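Just passing along the structure, written as structure tokens.
Values quoted throughout were computed directly from the atomic coordinates according to the rules given, and no laboratory measurement underlies them. Quick caveat, the model's predicted, so the values are computed rather than measured. Cβ placement follows ideal geometry from the backbone for every residue including glycine, while neighbour counts extend to all protein chains displayed.
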Amino acid sequence: MSVQTYLEGSRLELVATFEDSAGVLTNPTGVTYSIRNPDGTVDTAVWPAGTVVNSSPGVFVLQYDVDDPGTYKVHVQGTGTIKAPVEDMVDVMPSHVV
């Protein structure tokens, strides 16, 4: 897990990749992004019926706005044939100008 730092008001591009047992990028049946905000609430985005974009085989992208400073915890889970959960953290710093 890595920690990335951004300024509040940023739009993040959260990318997740899924591979089969041979290492080939492959789409799972579904993908769910769960993002725990600094205030403890959890936002969820899904594919295929939601705001997550399948940009190429096995590659999924969610555009997510971070408007409050603090730590955001990201969990991405595939369903079906490719499960491979991924977690990451994002630190959002307050602006010292605005």
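So, in the stretch 8-56, of the ones that are closer than 27 Å to residue 69 by Cα and touching a Lys or Arg at 6+ places or on another chain (Cβ under 9 Å), which residue ends up surrounded by the most Cβ atoms within 10 Å (Cβ to Cβ)?
Once the filter is applied, the top-ranked residue is 35.
Sticking with this structure for a sec: Taking the stretch 11-23 only, how many residues are over 14 Å from the mean Cα position of the chain (by Cα) and farther than 14 Å from residue 60 by Cβ?
So the answer is 4.
Which of the residues belonging to the stretch 50-84 are in contact (Cβ under 8 Å) with a residue 60 or more places away in the chain, small (Gly, Ala, Ser) and not in a loop (DSSP other than H, G, I, E, B)?
The answer is 78, and nothing else.
Just one of 50, 78, 9, 58 is in contact with a Pro (Cβ under 7 Å, 6 or more places away or on another chain) and small (Gly, Ala, Ser); which is it?
Result: 78 is the single residue among 50, 78, 9, 58 that is in contact with a Pro (Cβ under 7 Å, 6 or more places away or on another chain) and small (Gly, Ala, Ser).
Separate question: With the requirement that a residue be more than 20 Å from residue 90 (Cβ to Cβ) and not small (Gly, Ala, Ser), what does the stretch 48-65 give you?
48, 54, 57
Every residue in the stretch 1-49 that is part of a loop (DSSP other than H, G, I, E, B), of a type in the set (D, E, K, R) and without any contact (Cβ under 8 Å) to a residue 40 or more places away in the chain, please.
Within the stretch 1-49, just 39 meets the criteria.
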